[in-house]
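A.B. asks: Encoded as structure tokens, here's the structure I'll be asking about.
The values are calculated or read from the model by the stated rules, or taken from the named source; none is laboratory data. A quick note: this is a predicted structure, and the numbers were derived from the prediction, not measured. Cβ atoms come from the backbone with ideal geometry, glycine included; neighbour counts cover every protein chain shown. Heads up: the accessible areas ignore ligands, DNA and RNA and are worked out on the full protein's heavy atoms, side chains in. Shrake-Rupley method; radii C 1.70, N 1.55, O 1.52, S 1.80 Å.
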Amino acid sequence: MIVRRLQDILNTSRDVQTETWASRRLLLEEDGMGFSMHETTIFAGTQTHIWYKNHLEAVYCVGGEGEVELIETGEIFKIVPGTLYALNKHDNHYLRATTADLKLICTFNPPLVGTEVHDEDGVYATPEQMRTAQV
Ligand code: 9YT
């Protein structure tokens with residue numbers, strides 16, 4: 001059994017930060033679960049372009065306030081605690097935290113390998129690309 005606490009991974013390679021978010025990667029591919037699970041904070045007042053062409057992601061909001069805008073249709077979905085959204089169609093979108101940091105629990109299939117961050121199109125590299133190129 002794996003038992004891991006947030007405090008154990010802060011300031012390690014499992015603690016990945018960009019200008020708009022911090023992702024604490026509690027489970028990764030190497031843990032062998034078939035998915036990864038992260039505690040993610042989206043910083044208030046920011047917008048992130050996301051397009052997971054190589055992954056499915058489900059996101060459950062546990063704090064804060066924000067919205068997802070689907071780029072193809074312009075639809076906007078409010079995200080508050082208790083909201084789940086699943087990117088079952090590899091949806092191209094903007095994620096915004098509005099008045100307060102958004103606190104999210106995120107799962108990825110296939111699991112992230114480690115230090116993935118979005119490329120210029122909002123995409124995370126495939127596990128194979130991560131392993132071979134060390135993106
Ligand atoms: C919701 C979302 O995709 N935010 C960006 C960070 C990502 N969740 C991650 O790598 O943990």
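A.B. asks: Spin-label point model (7 Å from Cα, Cβ direction): what's the Ala100 to Gln7 distance in nm?
C.D. replies: Label at Ala100, label at Gln7, 2.4 nm between them.
A.B. asks: In the neighborhood of Met130, defined by Cβ-to-Cβ distances under 13 Å, what is the net charge if each Lys or Arg adds +1 and each Asp or Glu adds -1?
C.D. replies: With Lys, Arg at +1 and Asp, Glu at -1, the neighbours total -3.
A.B. asks: With the chain treated as a Gaussian network of Cα nodes joined by springs under 10 Å, which of Gly114, Gly122, Gly82 yields the largest mean-square fluctuation?
C.D. replies: Of Gly114, Gly122, Gly82, the Gaussian network model singles out Gly82 as fluctuating most.
A.B. asks: While we're here: Between rounded, prolate and oblate, where does region 39-114 land on the alpha carbon gyration tensor, with a ≥ b ≥ c its root eigenvalues, rounded for a/c under 1.5, else prolate if a/b exceeds b/c?
C.D. replies: In terms of gyration-tensor shape, oblate.
A.B. asks: On the full set of protein chains, 1.4 Å probe, figure out the accessible area of Met33 and give it in Å² to the nearest 10.
C.D. replies: 100
A.B. asks: On a 1.4 Å probe surface of the protein chains, which of Glu75, Glu19, Glu30, Glu39 comes out largest in accessible area, and what is the full order?
C.D. replies: The most accessible residue leads, giving Glu19, Glu30, Glu75, Glu39.
A.B. asks: Across bins of 10 angstrom width beginning at 0, how are the C-alpha pair distances of the chain distributed, in whole percent?
C.D. replies: 13, 45, 35, 7, 0
A.B. asks: Among Ile71, Ile105, Ile79, which one shows the highest mean-square fluctuation when the chain is modelled as a Gaussian network with alpha-carbon springs under 10 Å?
C.D. replies: Its mean-square fluctuation being the largest, the pick is Ile71.
A.B. asks: Could you identify which residue out of Asp91, Asp119, Asp15 has the top mean-square fluctuation in a GNM of the chain using Cα springs shorter than 10 Å?
C.D. replies: Of Asp91, Asp119, Asp15, the Gaussian network model singles out Asp119 as fluctuating most.
A.B. asks: For the modelled label position 7 Å from the Cα of Gln129 along Cα-to-Cβ, which residues of region 91-116 have backbone nitrogen atoms closer than 18 Å?
C.D. replies: 91-93, 108-116
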